[in-house]
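S.K.: Mind looking over this structure? Questions follow.
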Amino acid sequence: MKQLRVPGPTPCPQEVLQAMGRQMINHRGPEFAKVLNNVTDKLKQLFQTKNDLFLLTGSGTGGLEAAVVNTMSPGDRVLSVSIGVFGERFAAIAKEFGAEVVPLNFEWGQAADPDAIRKALKSDPKIKTVLVTHNETSTGVTNDLAAISSVVKEAGKLLVVDAISSLGSIDLPVDKWQCDITVTGSQKGWMVPPGLAMVSVSQEGWQANQKARMPRFYWDFAKAKSYLEKGETPWTPAVSIFFALEVALDMILKEGLANVFARHARISKAARDGVKVLGLSPFAEAGHASNTVTSVAGSNGLDTKKMLKILREEHDVVLAGGQRTLDGKIFRIGHLGWVTDDDIKEVLSAIEKVLPQAGFRSS
Ligand SMILES: Cc1ncc(COP(=O)(O)O)c(C=O)c1O
């Protein structure tokens with residue numbers, strides 16, 4: 001069986017693919033309203049939130065841009081907590097729209113230190129907002145969001161979270177952890193194709209929204225809210241992905257959220273243990289390794305690019321490489337959404353076969 005194990009897009013179950021084959025419906029009619037309300041209610045359960053929640057047609061980055069432009073004004077001071085490529089992207093969006101970004105960068109492979117965030121907020125009281133990535137897909141590291149949230153909230157700041165590759169797969173109780181804006185994307189743990197960003201907005205998020213002056217049109221939360229009240233989206237939505245999501249959310253709810261989290265935890269441990277048995281080293285800081293993506297250092301002569309090519313061409317196993325400065329230095333195994341213990345066993349056994357061909361010498 002083909003193993004598509006990049007950290008998104010992820011494979012979709014057959015029932016989900018079939019749902020997308022449905023004929024189109026009027027997106028301004030009662031049939032779509034039913035789908036939209038159903039999906040919104042179920043997503044709220046999975047976000048563990050009573051806050052407003054919107055489905056925006058676009059990729060995760062669109063959701064991040066929406067989070068920025070709906071809560072900030074040009075000139076606002078914003079603390080960007082970054083541990084990798086996607087943390088940097090979040091900061092770049094805020095900067096592009098005129099925020100004064102105060103960077104707090106941690107070494108790639110490490111998690112953010114909540115004490116350093118506390119210090120940064122104390123030393124710069126003008127900071128209004130904190131941007132943080134829950135699960136940094138580029139390095140395979142999960143931040144301690146509960147601890148970060150308590151530091152951010154103790155300082156009375158707005159907490160804006162990129163949870164694109166964690167929500168629905170790793171526990172993130174949005175209301176309990178007081179996340180003001182939380183963003184995820186359909187192609188990650190949700191078992192549906194790319195095309196939707198899902199975003200929750202707290203009361204504090206709305207208060208920020210009232211004052212926010214960054215330009216916005218397509219991504220305007222106020223428009224999304226007023227249309228949702230009549231069972232619509234402001235713009236033509238990705239209708240087929242909504243059909244897919246209805247089916248996928250039922251599958252997730254049937255399995256039970258706690259079981260879904262436990263499955264991701266168990267499979268990620270199997271991936272980490274498995275690469276260690278092969279003589280490889282996990283790249284992520286111990287204790288913060290992600291349950292949705294395992295990053296592995298290219299050690300002992302391993303040519304990671306060659307390995308990925310042989311895996312893809314000869315074993316039908318598709319893994320991801322490193323991004324930016326990690327290009328050629330690490331590889332990543334995605335295990336989120338529709339993934340079983342056997343899938344990871346297959347991936348590990350293919351890696352084992354290919355390692356010697358890709359220059360790896362076990363020590
Ligand atoms: C943590 C994180 N943030 C942002 C993104 C960007 O999402 P998209 O590629 O859907 O725009 C991704 C996608 O890989 C991600 O994993």
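The values are calculated or read from the model by the stated rules, or taken from the named source; none is laboratory data. If you're wondering where the values come from, they're calculated on a predicted model, not measured in any experiment. Please note: Cβ atoms are built from the backbone with ideal geometry, for glycine as well, and neighbour counts cover all protein chains shown.
S.K.: Just to be sure before I move on: is residue 127 more than 16 Å from the ligand (Cβ to nearest atom) and closer than 21 Å to residue 72 by Cβ in the structure I sent?
M.R.: Taking the combined requirement at face value, the residue satisfies it.
S.K.: In the list 235, 190, 219, which residue meets the criterion of being within 19 Å of the chain's Cα centre (by Cα), farther than 22 Å from residue 45 by Cα, modelled with pLDDT of 95 or more and not acidic (Asp, Glu)?
M.R.: One residue alone meets the criteria, 219.
S.K.: Give me a count of the residues in the range 98-124 that are among the aliphatic types (A, V, I, L, M), touching a helix residue (DSSP H, G or I) at 6+ places or on another chain (Cβ under 7 Å) and within 16 Å of the ligand (Cβ to nearest atom).
M.R.: Adding up the residues that qualify gives 1.
S.K.: Scan the range 78-89 and tell me whether some residue there is surrounded by 18 or more Cβ atoms within 10 Å (Cβ to Cβ), among the aromatic types (Phe, Trp, Tyr) and under 19 Å from residue 178 (Cα atoms).
M.R.: Scanning the range 78-89, I find no residue that is surrounded by 18 or more Cβ atoms within 10 Å (Cβ to Cβ), among the aromatic types (Phe, Trp, Tyr) and under 19 Å from residue 178 (Cα atoms), so the answer is no.
S.K.: Scan the range 145-173 for residues that are in contact (Cβ under 8 Å) with a residue 60 or more places away in the chain and away from the ligand (no atom under 16 Å from the Cβ) and jot them down.
M.R.: If the condition is that a residue be in contact (Cβ under 8 Å) with a residue 60 or more places away in the chain and away from the ligand (no atom under 16 Å from the Cβ), then 157, 158, 171, 173 are the ones that fit.
S.K.: May I ask you to list pairs of residues, at least six apart or on different chains, whose Cβ atoms are under 7 Å apart, with the first in the range 182-202 being over 19 Å from residue 65 (Cβ atoms) and away from the ligand (no atom under 12 Å from the Cβ) and the second being part of a loop (DSSP other than H, G, I, E, B) and aromatic (Phe, Trp, Tyr)?
M.R.: 191/338
S.K.: Moving on. Looking only at the range 293-308, count every residue that is surrounded by fewer than 18 Cβ atoms within 10 Å (Cβ to Cβ) and assigned to a helix (DSSP H, G or I) and tell me the total.
M.R.: 2
S.K.: Just to be sure before I move on: is residue 71 within 20 Å of residue 250 (Cα to Cα) and modelled with pLDDT of 95 or more in the structure I sent?
M.R.: In short, no.
S.K.: If I ask for residues that are assigned to a strand (DSSP E or B) and of a type in the set (S, T, N, Q), which ones from the range 161-216 would you list?
M.R.: Once the filter is applied, which keeps residues that are assigned to a strand (DSSP E or B) and of a type in the set (S, T, N, Q), the range 161-216 yields 182, 184, 200.
S.K.: Only residues that are within 11 Å of the chain's Cα centre (by Cα) and surrounded by fewer than 24 Cβ atoms within 10 Å (Cβ to Cβ): list them for the range 132-186, please.
M.R.: The answer is 170, and nothing else.
Listed here are the residues, each with its yes/no results for (1) of a type in the set (Ser, Thr, Tyr); (2) within 21 Å of residue 82 (Cα to Cα).
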{"site": "152", "(1), (2)": "no, yes"}
{"site": "163", "(1), (2)": "no, yes"}
{"site": "167", "(1), (2)": "no, yes"}
{"site": "175", "(1), (2)": "no, no"}
{"site": "186", "(1), (2)": "yes, no"}
{"site": "190", "(1), (2)": "no, no"}
{"site": "198", "(1), (2)": "no, no"}
{"site": "202", "(1), (2)": "yes, no"}
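S.K.: Could you check, for the range 17-34, whether at least one of its residues is buried (at least 20 other Cβ atoms within 10 Å of the Cβ), closer than 30 Å to residue 206 by Cβ and within 24 Å of the chain's Cα centre (by Cα)?
M.R.: no
S.K.: Restricting to the range 309-349, and then to whatever is acidic (Asp, Glu) and closer than 23 Å to residue 359 by Cβ, can you tell me which residue is surrounded by the fewest Cβ atoms within 10 Å (Cβ to Cβ)?
M.R.: This residue is 313.
S.K.: I've got another one for you. Taking the residues in the range 62-95 that are without any contact (Cβ under 8 Å) to a residue 40 or more places away in the chain and touching a helix residue (DSSP H, G or I) at 6+ places or on another chain (Cβ under 9 Å) as candidates, determine which candidate is nearest to the ligand (Cβ to nearest atom).
M.R.: 89
S.K.: Quick check on my filter: what residues within the range 245-263 are closer than 18 Å to residue 192 by Cβ and either touching a strand residue (DSSP E or B) at 6+ places or on another chain (Cβ under 9 Å) or among the polar types (S, T, N, Q) (or both)?
M.R.: Residue satisfying the conditions is 245 alone.
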